[in-house]
Amino acid sequence: MVPLFLFQPVGDESQARVVELVGQKPEFDFKPRGHLELGEELGLVRQRHLAHISGHRSYYLRGAGARLQTALQNFALDTLQRRGFIPMVVPDMLKGAVFEGCGMQPKSYSSQVYSLDQARFPDLSLAGTGEVGVAGFFMDHAVNWKDLPVRTACSSTCYRAETDTGRETWGLYRVHHFNKVEMFGVTADETGEESSQLLEEFISLQKEIFSALELHYRVLDMPTQELGPPAHRKYDIEAWMPGRDSFGEISSGSNCTDYQSRRLNMVYEREDGSLQYAHTVNATACAIPRTIIAILETHQTKEGTVRVPRALQPYLGLEEIETPKYTPLKYIGPNQHSRPPRPAPKTR
């Protein structure tokens with residue numbers, strides 16, 4: 001179990017407290033490469049020549065890269081289902097009231113949130129996390145106290161504008177769209193400890209998943225300035241990424257107590273029929289692109305292949321990711337120094 005301190009650190013990100021360090025930093029007898037270089041050579045990732053197709057911070061996954069995404073999603077969902085989580089698929093587009101109830105103002109966070117055409121859809125935005133969609137499911141509803149805590153596992157595509165940062169302009173670390181498996185919990189508030197206990201359970205599940213993927217990671221107790229409006233307590237997990245030669249965030253977990261439930265009218269019904277505001281807890285089970293980064297960079301070999309963690313092998317059907325047998329596509333589009341001649345038109 002993660003040692004939970006009574007009070008979180010005070011201050012900015014630099015004051016984060018390392019509460020646990022898991023695994024060993026991988027050692028190489030060669031210079032480790034970054035995930036984008038590995039991904040391109042193995043035919044897993046394409047991020048070049050997309051400006052005229054899907055714009056900046058987008059990407060394609062192909063071959064074993066696409067299968068790796070599916071494998072991670074299924075592995076995470078299977079892990080959670082065995083623990084009593086109810087799987088859920090949620091809407092990608094949600095109304096402003098749901099965002100606001102979760103602690104985010106879409107119009108105030110335009111650098112992060114994609115809003116649809118205001119002339120046609122004045123109150124719809126694309127969700128940046130499955131948490132918002134799951135919270136909307138419980139909005140204006142009462143859960144029977146016998147069913148608490150309710151544990152939900154949501155697999156969804158997340159959309160983030162990311163226009164306020166010049167960091168991580170290449171690679172999969174900071175992108176406009178990505179798939180994620182999210183944990184969301186609804187608890188009672190009788191003792192005041194129920195949501196704290198569920199957060200601890202969620203963190204233990206995160207650790208189980210990342211340990212099974214054979215990653216080196218650390219658990220951080222995040223300081224006050226990093227919590228955001230809804231969070232009473234927040235923990236991040238950062239994995240070691242050899243290509244970056246540093247830790248990078250791969251998940252987080254927050255206890256929102258009754259912040260969201262009061263705004264979204266999420267309650268539970270006691271045995272005597274009275275209603276009480278619930279507490280909510282959320283945590284990332286697997287953010288696919290960043291987990292792919294950690295896997296590729298951690299398990300790379302001198303030969304340029306990537307060893308597949310044992311837990312993923314049944315899902316991926318591979319023990320090692322190797323260079324595909326098909327020939328890579330040849331770029332013939334704009335912005336070339338010399339372009340091959342176009343095919344001649346057919347004569348009729």
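If SER261 satisfies all but one of (1) outside any strand (DSSP E or B); (2) among the polar types (S, T, N, Q); (3) within 22 Å of the chain's Cα centre (by Cα), what's the number of the condition it fails?
All conditions pass for SER261, except number (3).
Quick one: LEU199 ticks every box in (1) surrounded by fewer than 18 Cβ atoms within 10 Å (Cβ to Cβ); (2) closer than 30 Å to LEU275 by Cα bar one, so which box is it?
Condition (1) is where LEU199 drops out.
Looking only at residues that are among the β-branched types (Val, Ile, Thr) and within 16 Å of TYR60 (Cα to Cα) in region 167-203, which one is farthest from the chain's Cα centre (by Cα)?
Checked region 167-203; the qualifying residue farthest from the chain's Cα centre (by Cα) is THR169.
Under 6 Å between Cβ atoms, which residue pairs at least 6 apart in sequence (or on different chains) link something in region 222-240 that is in contact (Cβ under 8 Å) with a residue 60 or more places away in the chain with a partner that is part of a helix (DSSP H, G or I) and of a type in the set (Val, Ile, Thr)?
TYR235/ILE203
Consider GLU320 carefully, then state whether it is modelled with pLDDT of 95 or more and surrounded by 13 or more Cβ atoms within 10 Å (Cβ to Cβ).
Criteria met by GLU320.
Residues that are surrounded by 12 or more Cβ atoms within 10 Å (Cβ to Cβ), modelled with pLDDT of 95 or more, aromatic (Phe, Trp, Tyr) and in contact with a Ser or Thr (Cβ under 7 Å, 6 or more places away or on another chain): does region 68-85 have at least one?
yes
Residue by residue, here is whether (1) under 22 Å from TYR259 (Cβ atoms); (2) part of a helix (DSSP H, G or I); (3) touching a Pro at 6+ places or on another chain (Cβ under 8 Å) holds:
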{"residue": "VAL143", "(1), (2), (3)": "yes, no, no"}
{"residue": "ARG151", "(1), (2), (3)": "yes, no, no"}
{"residue": "SER156", "(1), (2), (3)": "yes, no, no"}
{"residue": "GLU162", "(1), (2), (3)": "no, no, no"}
{"residue": "VAL186", "(1), (2), (3)": "yes, no, yes"}
{"residue": "GLU190", "(1), (2), (3)": "yes, no, no"}
{"residue": "GLU200", "(1), (2), (3)": "yes, yes, no"}
{"residue": "ILE209", "(1), (2), (3)": "no, yes, no"}
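The values are calculated or read from the model by the stated rules, or taken from the named source; none is laboratory data. Because the structure is predicted, anything quoted here is derived from the model rather than measured. Using ideal geometry, Cβ is built from the backbone for each residue, glycine included, and neighbour counts are taken over all protein chains shown.
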